[in-house]
Amino acid sequence: MQDEDRKAIQNNFISLVEQTDLDVMVSSLYEKGVFSERMIEPYKDVSKDAKYRKRQLYLDVTRRGPQAFGHLLDALSENGYWDIVRDLDPNSSLHARRQRNPVPSTSVGSNEKNYVSLCTEKLKTKNATDVNKNPAPQAPRAPAAPARLPDPTTIPHFHVVKSTTFFENNDSDIPLYRTRGRRRGFLVVFSYVEFNNLEPYRNGVDVDCKNLKYLFDEIGFKVISYQDLTKSQTLETLKGLKEVVVGAECVFIVVSSHGYERPRSSDNDIRCKDGGLIAIRDIIDYFNNKNFPALQGVPKVFIFQLCRGNNEESVWRPGAETDGASRGASRGAPPAPAPPLLAPPDAPAPRDRVYSDILIAHSTVPGNVAYRDNAAGSWYIQALCEVFAARAHDCHVEKLFTLVDKRLHAAFLVQTSSVDRWGFNCRLYLHPGLYESQ
């Protein structure tokens, strides 16, 4: 392997270990002849930690000859890890060319070029799919046997409209969260598809994951994805995220699985690969101000794509409602720091609340099912990706979720999403494709 290729792997080693699926990559590299059947045995040794095995895998790739780097890029691309391909290979057809012509500054009396526009071009698929042409409502639980799914190498086709200027804070009552740096944010996806024959196979989830990865990569986020973890692996991963997302300006957590009502509770459980259940509240608690103080003041957005009960009721209403989404968006200067609380010199440290800066979006309301198309993905994620791609450049996140529900109703009629705010008291603009140069 050439030194520059080996160095590229070393520079992106954390992304490779954190974001890729071990079994998928071992299988792909074996099929491409990078490793023999005997050589992949150590990567299947479940007595060793999965991250350790992944580290060993990518170290071994650097020793597998001049063709190994190309095969690694192909394997990553085929399995949807396009952001890593772009980081590894600046000459890849998937690599976004960064625009270096900054737009005029919005600061009064300033001519500084203090921000630049990011990715402007991507490889897109030739055939587009109209979300309005999805079939009639299906049962929320897919058949156990996997259906024939779209080509896994297909890159999502939708266009993410980029921001050309930052929103400024002109509202002293509701300031803005800061989202201007290169560490714009992290998207962490937990998806559960297979359940050791305990639950039906969830067709369409792979489409959701690819669309979300593409969307948030275009916005400027780092994307980490985990699939089919056991309960213990999920909890350990949530705990380990403290070392990964710290320093980010905002964090999105997406959880997609079978979901269940909890008796005599407004909470819900999610199903893990081994059948274990985890309460939604327990997932959120990993990110509260007590357990993760480094994220206090940082917006944390949770998206739960799962059923919250078995209710499939709907009402008959003649006619159809049009999608009349409002196009207005307020602009607003970075929030001034809050004045310190005054206290006597010997007074104990002031207490603060455990939950803040948390927004929780559910694909459906309590007690109801969440529908999923076997080929096009879940209804809610379809609507979310469409709305965020088209409107994240001029809408704050709470408004985006309002438009998502309007789109969900316009396209599918029978499903209602919901949003909860836990001390989420600032406006969050994602500023897709835009960051400050310093």
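For the peptides 232-239, 296-303, the ranking by mean Cβ contacts within 10 Å, running from highest to lowest, is 296-303, 232-239. With θ taken as phi - 60° and the Karplus curve 6.51 cos²θ - 1.76 cosθ + 1.60 applied, the whole-hertz 3J(HN,Hα) list for the stretch 298-315 is 9, x, 10, 10, 9, 10, 10, 9, 6, 6, 10, x, 10, 5, 10, 5, 8, 10 Hz, x standing for glycine and proline. Take the Cα of Glu37, step 7 Å toward its Cβ, do the same at Asp23, and the gap between the two points is 1.9 nm.
Which pairs break 21 Å Cα to Cα here: Lys51/Lys242; Lys54/Lys239; Lys48/Lys231; Lys48/Lys222? Distance filter (> 21 Å) returns Lys48/Lys222.
Rounded to the nearest whole Hz, the Karplus-based 3J(HN,Hα) values (6.51 cos²θ - 1.76 cosθ + 1.60, θ = phi - 60°) of the stretch 231-242 follow the sequence 4, 5, 5, 5, 5, 5, 5, 4, 5, x, 5, 4, with x at glycine and proline. Between Asn268 and Ile280, Arg281, the built amide H atoms are under 5 Å apart, and every one of these is 5 or more places off in sequence or on another chain.
Net charge dipole, the stretch 3-88: roughly 300 debye, given to the nearest 20, about the Cα centre with Cβ charges of +1 for Lys and Arg and -1 for Asp and Glu. Modelled label positions at Arg353 and Lys242, each set 7 Å beyond Cα in the direction of Cβ, lie 2.3 nm from each other. The slack between Ser314 and Asp274, meaning 0.36 nm per residue of separation minus the straight C-alpha distance, is 11.1 nm. Rounded to the nearest 20 debye, the dipole magnitude of the stretch 155-239 is 420 debye, with +1 charges on Lys and Arg beta carbons, -1 on Asp and Glu beta carbons, and the Cα centre as origin.
Counting other Cβ atoms within 10 Å as a rough exposure proxy, the listed residues His409, His159 run His159, His409 from fewest neighbours to most.
Here each label is just a point 7 Å from Cα along the line to Cβ, and for Lys48 and Asp267 those points are 3.7 nm apart. Taking θ as phi - 60° and the Karplus parameters 6.51, -1.76 and 1.60, the scalar couplings of the stretch 213-228 work out to 4, 5, 4, 6, 5, 5, 5, x, 8, 7, 10, 10, 10, 10, 10, 6 Hz in sequence order, x denoting glycine and proline.
Any read-out appearing in this document is the output of simple, stated calculations on the displayed coordinates, not a laboratory observation. Note that the structure is a prediction, hence the values are computed from the model and not measured. No Cβ is skipped: glycine too gets one built from the backbone with ideal geometry, and neighbour counts run over all protein chains shown.
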